[in-house]
Amino acid sequence: MPLKDNFIGYSILRRLNIILLFLVFQSRPCLAGEAHEFYLRGDLSKAASAYFQDAAGDPASARPLLNAAMCLKQAGRYYDAALAMTRALEREPHNPDIYSELGWLRFHLADYTGASSAFETAIRIQELHPRAELGLASVYANLEQKDRALAHLDKFRQLRPDFAGVDYILAWNYMNFKMYGEAEEALIEALRKDPSFTEARLPLAGIYARQGKFNEAWNQYYRVLDYAPGHPVASKMMKVLEGKLTKQPEEIRPPFRITRPLVMEPLEATESLSSSVKIRVGIGATATGKQGRNNLLRLKSFEGLTVTGKRSGKIFARIPPDVSWTFLHESGRVVLKDPAGKVYGRFTGALLVKPAAPGGTVIFDADRRTNNPWFRGADRQYRGYIELWPVPGRGIGTVNVLETELYLLGVVPSEVAPQWPYESLKAQAVLARTQVLIRRARGGQHRKEGYHLCDGQHCQAYKGKSIEANTTTRAVVETEGEILTYHGRPAYTFYHSNCGGWIQASKEVNGWGHSPYLVSKADGHPDHPEAPLDPWSWNLWITGNPGANCNYPGRVRASEYRWMKIIRQKDMTFRVNKDYAVGEVLNIIPLKRAPSGNVNSLRVVGSKKTVDVTREHLIRNLLGFSSLKSTLFKIEINRHKDGKVRNYWIYGGGWGHAIGMCQSGAAGLAGKHGKSYREIIEFYFPGTSLRRIKYVKKNK
Ligand SMILES: [Zn+2]
Ligand SMILES: [Zn+2]
């Protein structure tokens, strides 16, 4: 979402920023600035040459050679990189990390003898070296020495117990050794640590199907679609399996039902929230925020409902408490039917479906006949009222109209865990409230669809009333009306799930624009700013488990902080060619990186042509069947002896765009460093200030 550079005092602040940055760099050890600049810009050969020059000028240090090696490696020149690493070893012969990374370069070049000797040396120097253990396991797996491969994997698992990638690699090996029972267990373990790990769910479904466990297989494919809607393999396999199921789909995957009013701890203060401004939220929206394809909806209320024409104000129907009526989309109209199937009316205009008592809610009954997955697997409950209208060629337009503050009660627990440290919940409430103002004011994005915000990640997640929790409700109440401003205007309060350890500035990302408070910084201790990492340190950092606010075991899933996947050449070529006809993929090179390490331009070299992909979401969607969690990754290309690509190893960190507030990091700042929500917000949006808005109640 692009920003506009329309801030007062913007240029003064930018100048100030430059001065501040200058000071930060001056006070740190020299970064071999020019070479690092080339590297970030994607001039990888120039960067390597500049580092080699540094190396010549400083014959005692291995560091410039290691940096040069990382630039060459990123460009796909693994032989040259390995040579530079060997030279670095002459300068620093007792560094296990150099041996280990050299081992990986050799492994990816299919030099298994050379690789295992480098890994062995690393382990001789440092007994517990996770990367070297994984390396040895991979070497033995390729040499089909099953027992040795599994023994080293086991060690790696002990060293990185939280890392879902471990179980995934184990499973990958078990599959290659045709040990399907063990593979099944490892995949289940990987999914326990990371339910969004589509690459683990697919083979698990395959194993179930092979064993004739069709119900289980079907369920796994169904869940793949939860995380990767429209996934081609999963969609196809579900159809194939449908005829083989021994249970009804509802029995395999029982829908979540809301059967009686949820009893909440009474919180008097929520009363006052209902005087805030009403907003329109598109519910059950698609991943891009468009109206879902609602062919059928079933609505009820514990209080009973009225169905009113929006324009005429006429009450068309009164639905008794606890009884569901059906709204169907038929030839450009909304058709209303009672439970007996009697048609109550066919409508071309908008209908308002309102609870019959004040403070009541509207419930959408889960129904498998609806095309919209949001209304298929679980009952959904909303405050305020619902507006429905026919959208020709699409379905029933569905909007929840309610007061801003009541909407926030459903947003905050959809965005963060209600069990998180309380101050981080308050920070989230303020940012979400500010988002409402921004989206309302900009109006444009969803105006055509008939709402201010959609209910997905596209705007901000909103799951309605049934997800509300006491802690998050209190956070909304206690910050009522508070928003974040910059020079008197609402600030762009972007946030993301997990930055992976480093926040990137908005100006680094194509199409986002510059904003003086959306800055780049380590998501670390607030009192100890850190300088960006050079290529060598960054490479170790992304495969390691470094400390950060958002590395918060017990509160934040480890799989959101560090993740990995392996993609076969055949799958990569298939996937890339769906978007770009490059022919066989020969090389994939991250070109531009932000100082945080996020890839903001990716080159794909194919047998027919070469493309550069520069949009954040396009980069994330390109590599594999389900999208990458973030652009913070390194990619290693594993080749056969003849140079042909075998597969791609992607090591990544974080979840989301890494701009603005890191939600997991906010939890860490509150929980580990005892920071207040004001301090958290100041950390992620330096230079902004909090303000309290007064809602002026308008009618309607
Ligand atoms: Zn949206
Ligand atoms: Zn973070």
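Do you know which of the residues in the range 119-142 that are in a loop (DSSP other than H, G, I, E, B) and not acidic (Asp, Glu) is surrounded by the most Cβ atoms within 10 Å (Cβ to Cβ)?
His129
Of all residues in the range 555-593, which are within 16 Å of ligand 2 (Cβ to nearest atom) and not hydroxyl-bearing (Ser, Thr, Tyr)?
Arg555, Val556, Arg557, Ala558, Glu560, Arg562, Trp563
What tally of residues in the range 591-609 results from selecting those that are of a type in the set (Gly, Ala, Ser) and either modelled with pLDDT under 95 or within 13 Å of Ala75 (Cβ to Cβ) (or both)?
Of the residues in the range 591-609, 0 are of a type in the set (Gly, Ala, Ser) and either modelled with pLDDT under 95 or within 13 Å of Ala75 (Cβ to Cβ) (or both).
Tell me the strands (runs of 3 or more DSSP E) entirely within the range 299-354 that contain at least 1 residues that are aromatic (Phe, Trp, Tyr).
315-319, 325-330, 343-347
Taking the range 414-434 on its own, how many of its residues are surrounded by fewer than 23 Cβ atoms within 10 Å (Cβ to Cβ), without any contact (Cβ under 8 Å) to a residue 60 or more places away in the chain and in a helix (DSSP H, G or I)?
Selection size over the range 414-434: 1.
Look through the range 509-557, keep the residues that are of a type in the set (Ser, Thr, Tyr) and buried (at least 21 other Cβ atoms within 10 Å of the Cβ), and return whichever of them is nearest to ligand 1 (Cβ to nearest atom).
Result: Ser515.
Each row is one residue, and each column tells you yes or no for (1) part of a helix (DSSP H, G or I); (2) over 27 Å from Arg160 (Cβ atoms); (3) at pLDDT below 85.
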| residue | (1), (2), (3) |
| --- | --- |
| Leu204 | yes, no, no |
| Ile207 | yes, no, no |
| Trp218 | yes, yes, no |
| Val224 | yes, no, no |
| Ala234 | yes, yes, no |
| Met238 | yes, yes, no |
| Leu241 | yes, yes, no |
| Lys247 | no, yes, yes |
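When both residues are 6+ apart or on different chains and their Cβ atoms are under 6 Å apart, which pairs have a first residue that lies in the range 329-349 and is in the same structural domain as Thr306 (by TED's automatic domain parsing), and a second that is β-branched (Val, Ile, Thr) and not in a loop (DSSP other than H, G, I, E, B)?
His329/Ile396; Val334/Ile396; Lys337/Thr326; Lys337/Val343; Arg346/Val335; Phe347/Val334
Only residues that are small (Gly, Ala, Ser) and surrounded by 24 or more Cβ atoms within 10 Å (Cβ to Cβ): list them for the range 150-168, please.
Scanning the range 150-168 gives Ala164, Gly165.
Mind listing whichever residues of the range 517-543 are touching a residue at least 60 places away in the same chain (Cβ under 8 Å) and in a loop (DSSP other than H, G, I, E, B)?
Hits for the range 517-543 are Tyr517, Leu518, Val519, Ser520, Asp523, His525, Pro526, Pro529, Ala531, Pro532, Leu533, Asp534.
Is it fair to say Thr198 is within 16 Å of Met564 (Cβ to Cβ) and hydroxyl-bearing (Ser, Thr, Tyr)?
Yes, satisfied.
Considering only residues that are assigned to a helix (DSSP H, G or I) and either crowded, with 23+ Cβ neighbours inside 10 Å or modelled with pLDDT under 95 (or both), which ones fall in the range 19-43?
Ile19, Leu20, Leu21, Phe22, Leu23, Val24, Phe25, Gln26, Gly33, Glu34, Ala35, Tyr39
Being in contact with a strand residue (DSSP E or B) (Cβ under 9 Å, 6 or more places away or on another chain), charged (D, E, K, R), more than 20 Å from Gln381 (Cα to Cα) and buried (at least 16 other Cβ atoms within 10 Å of the Cβ): is that true of Arg333 here?
Yes.
Filter the range 459-508 down to the residues that are farther than 22 Å from Val599 by Cβ, aromatic (Phe, Trp, Tyr) and within 16 Å of ligand 1 (Cβ to nearest atom) and list them by number.
Tyr462, Tyr492 - these are the residues of the range 459-508 that are farther than 22 Å from Val599 by Cβ, aromatic (Phe, Trp, Tyr) and within 16 Å of ligand 1 (Cβ to nearest atom).
Within the range 436-449, is even one residue free of Cβ contacts under 8 Å to residues at least 12 places away in the same chain, within 16 Å of ligand 1 (Cβ to nearest atom) and in a loop (DSSP other than H, G, I, E, B)?
Checked the range 436-449: at least one residue is free of Cβ contacts under 8 Å to residues at least 12 places away in the same chain, within 16 Å of ligand 1 (Cβ to nearest atom) and in a loop (DSSP other than H, G, I, E, B).
The values are calculated or read from the model by the stated rules, or taken from the named source; none is laboratory data. Here the structure is a predicted model, which means the values were calculated and not measured. Note that each Cβ is placed from the backbone with ideal geometry, even for glycine, and that neighbours are counted across all protein chains shown.
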